[in-house]
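Chemist: Before I ask anything, let me first share the structure, which is written out below as structure tokens.
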There are 2 protein chains.
Amino acid sequence: MATILDMGRWKPDARGRMLRAAMELFAERGFEQTTAGDIAERAGVTERTFFRHFADKREVLFDGSGTLLRTAQDAILAAPDNLSPLDAALAGMAAAAGLLADIHDHAVRRSRIVADNPSLQERELLKLASLVDATAEALRTRGAGEPAASLAAHSAVTVFQVAFARWVSAAEPPGFTACIAETAAALRALI
Amino acid sequence: MATILDMGRWKPDARGRMLRAAMELFAERGFEQTTAGDIAERAGVTERTFFRHFADKREVLFDGSGTLLRTAQDAILAAPDNLSPLDAALAGMAAAAGLLADIHDHAVRRSRIVADNPSLQERELLKLASLVDATAEALRTRGAGEPAASLAAHSAVTVFQVAFARWVSAAEPPGFTACIAETAAALRALI
DNA sequence: TACGGGTATGTCAGTGACTGACATAAAGCT
DNA sequence: AGCTTTATGTCAGTCACTGACATACCCGTA
């Protein structure tokens, strides 16, 4: 029954096992109290193998970030031409939010872990900065100039960030996409 | 001639020597190619002493961040009551910019070093996030609610960030405060 | 079925960031 | 001159991460 996705050499899905082991251990003992060796051991691999799959110990918590980024970028490029840069960027954020909408519980657990550790917050901020860059690039492709592209990208990601914080702290009813719409409205009201 | 600022035990200003040694070495060989021991050696202290003054190797490049943060916070609290949250926050950014206006050359050298190293960018983003938090807190003290305070804080720091990037890449004539005003105007035009 | 190449893994030794514990010298106070 | 406080030096240790090399699994091909 082995498929082409069994990158592992012994048992299948070594990467998935490491991802799950890391989430478990970080939730149980905390990030700093978990060594890379601990994660590898629970996943049934070697520490060296862990570092072959993840550039560093933190990266195991940011596995989906590349997909998120590409989803946003694609949505921005696919948005109607008549949308303003800010609206196009917000469309990208809404598309990205769609990826998380299904996994609210996982997002909550994960954000708790990140909130407890400054070095994880740093990494999260770097990923958000990458999202800003990708967004700005997409807006420029659509014809936006500077500093409009950069400012719209920053603003849209800010909306994403603030909406995400409300979404994970609320009891879920609102829905991520709705949070984004509300937050975007609040931003417009500011100015 | 020793003053109360000679925190050092042997020669005066051990901290200042480490700050300068770090900037020199990072500029010469790069951040990663410089060990904490290298910095300590050039400063005439021990590696252990370096880590007593700076929480980690990166922190030596962010010595003034606390002052910057407090300056912004104070300016926001001191701003006229009739200013909108966004305008008050921008007043804080202008005050913070005033601290850097005098040291354009140093800011340029430093930002080159940071631009060359992802882990330094992470730290810079964390400091900016602290600035956002402090700004939002000051705005709430002034009576702003949520999510207005958070959004205005994020927007103001975005303006600071974009204006800073233009200020260090330009040949200096504009002046940091002027950059901030222009960037703020561009942001308002977006929405 | 045997072989050969590509790829994921295991093993091991090493570097460098950072920390805790303890000793010591300098500065300040009385 | 003592006494206290503070900044430093010394040393041993943990852990994140890396390069080099050996090894086992997978797959296509003869």
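Chemist: Per 20 Å bin, what percent of the C-alpha pairs of the protein assembly as shown does each bin hold, from zero upward?
Modeler: P(r) over the protein assembly as shown, rounded to whole percents: 24, 55, 20, 1, 0.
Chemist: If we count every other residue with Cβ under 15 angstrom of A:L139's Cβ, Lys/Arg +1 and Asp/Glu -1, where does the sum land?
Modeler: Residues near A:L139 contribute -4 overall.
Chemist: In addition: With N set to the residue count of region B:96-154, report its C-alpha Rg divided by 2.2 N^0.38 Å to two decimal places.
Modeler: Relative to the 2.2 N^0.38 Å estimate, region B:96-154 comes out at 1.40.
Chemist: Regarding region B:85-191, what is the average projected area of its C-alpha convex hull, in nm²?
Modeler: 6.8
Chemist: Now for a separate question. Only Cα pairs within less than 10 Å get springs; with that Gaussian network setup on chain A, which residue of A:S119, A:S65, A:S150 has the largest fluctuation?
Modeler: Of the options given, A:S119 has the highest mean-square fluctuation.
Chemist: Quick check: convex hull over the Cα atoms of region A:16-58, volume per residue in Å³, rounded to an integer?
Modeler: 56
Chemist: Okay, moving on. Once Lys and Arg get +1 and Asp and Glu get -1 on their Cβ, which of B:T35, B:A101, B:V114 lies farthest toward the positive end of the dipole of region B:1-115?
Modeler: Projecting each Cα onto the dipole axis, the largest value belongs to B:T35.
Chemist: Let me ask something else. Can you list, shortest first and in nm, the gaps between the label point of A:R20 and those of its counterparts in the other copies, using a point 7 Å from Cα in the C-beta direction?
Modeler: 5.8
Chemist: OK, next. Measuring label to label, 7 Å along Cα→Cβ, what does A:G66 give against each other copy in nm, shortest first?
Modeler: 4.0
Chemist: Using unit Cβ charges (K, R positive; D, E negative) and no other charged atoms, how large, in debye to the nearest 20, is the dipole of region A:84-191 about its Cα centre?
Modeler: 20
Chemist: Going Cα to Cα from B:K127, which lysines come in below 17 Å? Please leave out same-chain ones fewer than 8 positions away.
Modeler: Straight-distance partners of B:K127: A:K127, B:K57.
Chemist: Using the alpha-carbon centroid of each, what span in Å lies between region B:115-191 and region B:57-101?
Modeler: Centre-to-centre distance over Cα atoms comes out at 10 Å.
Chemist: Quick one: putting +1 on the C-beta of Lys and Arg, -1 on the C-beta of Asp and Glu, what dipole do you get for region B:1-133 around its Cα centre, in Debye to the nearest 20?
Modeler: My answer is approximately 500 debye.
Chemist: Then there's this: For a quick size check, give me the Cα extents of chain A along its three principal axes, largest first, whole Å.
Modeler: 53, 35, 31
Chemist: Tell me the mean residue ellipticity at 222 nm calculated for chain A from its helices only (DSSP H runs of n ≥ 4, each -39500 (n - 2.57), averaged over every residue, nearest 500).
Modeler: For chain A, the value works out to -23000 deg cm²/dmol.
Chemist: Related question: List the GluC sites (Glu not before Pro) in region B:22-61 that DSSP assigns to loop (not H, G, I, E or B) and whose Cβ has at most 16 other Cβ atoms within 10 Å. Which are they?
Modeler: Those that pass, being in a loop and sparsely packed, are B:E32.
Chemist: Right, another one. Take the Cα atoms of region B:34-126, find their three principal axes, and give me the spread along each one in whole Å, biggest first.
Modeler: 53, 25, 24
Chemist: Same structure, new question: Find every distance from the label point of B:E146 to the corresponding label point in the other copies (7 Å from Cα along Cα→Cβ) and write them in nm, one decimal, shortest first.
Modeler: 3.5
Rule-based calculations on the coordinates, nothing more; no lab input. Just so we're clear, the structure is a prediction, and the values are computed from it rather than from any experiment. Don't worry about glycine lacking a Cβ; one is built from the backbone with ideal geometry, like all the others, and counts go over all protein chains shown.
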